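*Asks:* Before I ask anything, let me first share the structure, which is written out below as structure tokens.
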Amino acid sequence: MLKMLDWPFLFFVVLVVLIFMTKEQLKGLINRSNLKITWGDRSIELNELADNVDQDLDPIKERLDLLEEQLKSMGYAESNEPEEEVKQPTPAEVEKVVNVALKNPKYKYRTVNGIAKEAKIPKVTAQKILGTNPNVRVIKARDGRELYATSNKPGQQDK
């Protein structure tokens, strides 16, 4: 009986009682998923972390896909021809960009190059479609490039 009153056992009992008494508060803290991590002068909330990781990784995935295609063809040479004049996109091109390229489940954020490549249309045409479509939101990546995604609400734009 005296062994049970020793400090490790008492510490365990107190810890269990404290956890039991505060279990609702602990559940609320874990379920909110908005813990804020701060280090130095920087901070980030955990619910923003997944979105930031997607913004950084999706353009890299696109580049890797393009590199894989180039390696398969092995004779690919990038042309230095000037870009063609901007013409009015056809409804079929608009549908390709919005429904095919932007709704690809493989990516959450896309670059204009990746969208144009997947939709098989010129980059200039894809850029015109993306810039005028209210269902597309533009996000500025950390490296300064513009990333495109379908918006949750029409006309929404992020920076």
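The values are calculated or read from the model by the stated rules, or taken from the named source; none is laboratory data. Remember, it's a predicted structure, so these values are computed and weren't measured experimentally. Here the Cβ is made from the backbone with ideal geometry for all residues, glycine too, and neighbour counts use every protein chain on show. SASA here: full protein model, heavy atoms, side chains in, ligands and nucleic acids out. Shrake-Rupley method; radii C 1.70, N 1.55, O 1.52, S 1.80 Å.
*Asks:* Among the residues of the stretch 99-108, what is the count of those that are open to solvent by less than 90 Å² (accessible area, probe 1.4 Å) and either under 17 Å from Leu64 (Cβ atoms) or part of a loop (DSSP other than H, G, I, E, B) (or both)?
*Replies:* 4
*Asks:* Out of the stretch 109-140, which residues are modelled with pLDDT of 85 or more, small (Gly, Ala, Ser) and open to solvent by 60 Å² or more (accessible area, probe 1.4 Å)?
*Replies:* Matches in the stretch 109-140: none.
*Asks:* Hey, another quick one. Does any residue in the stretch 24-38 that is more than 16 Å from Leu49 (Cα to Cα) come within less than 9 Å, Cβ to Cβ, of a residue that is in a helix (DSSP H, G or I) and modelled with pLDDT of 70 or more six or more places away or on a different chain, and which pairs are these?
*Replies:* Note: pairs meeting the criteria are Leu26/Ile19.
Table: residues versus (1) aromatic (Phe, Trp, Tyr); (2) assigned to a helix (DSSP H, G or I); (3) modelled with pLDDT under 75; (4) open to solvent by 90 Å² or more (accessible area, probe 1.4 Å).
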residue	(1), (2), (3), (4)
Ile30	no, yes, yes, yes
Gln55	no, yes, no, no
Ile60	no, yes, no, no
Leu64	no, yes, no, yes
Gly75	no, no, yes, no
Ser79	no, no, yes, no
Glu85	no, no, yes, yes
Val97	no, yes, no, no
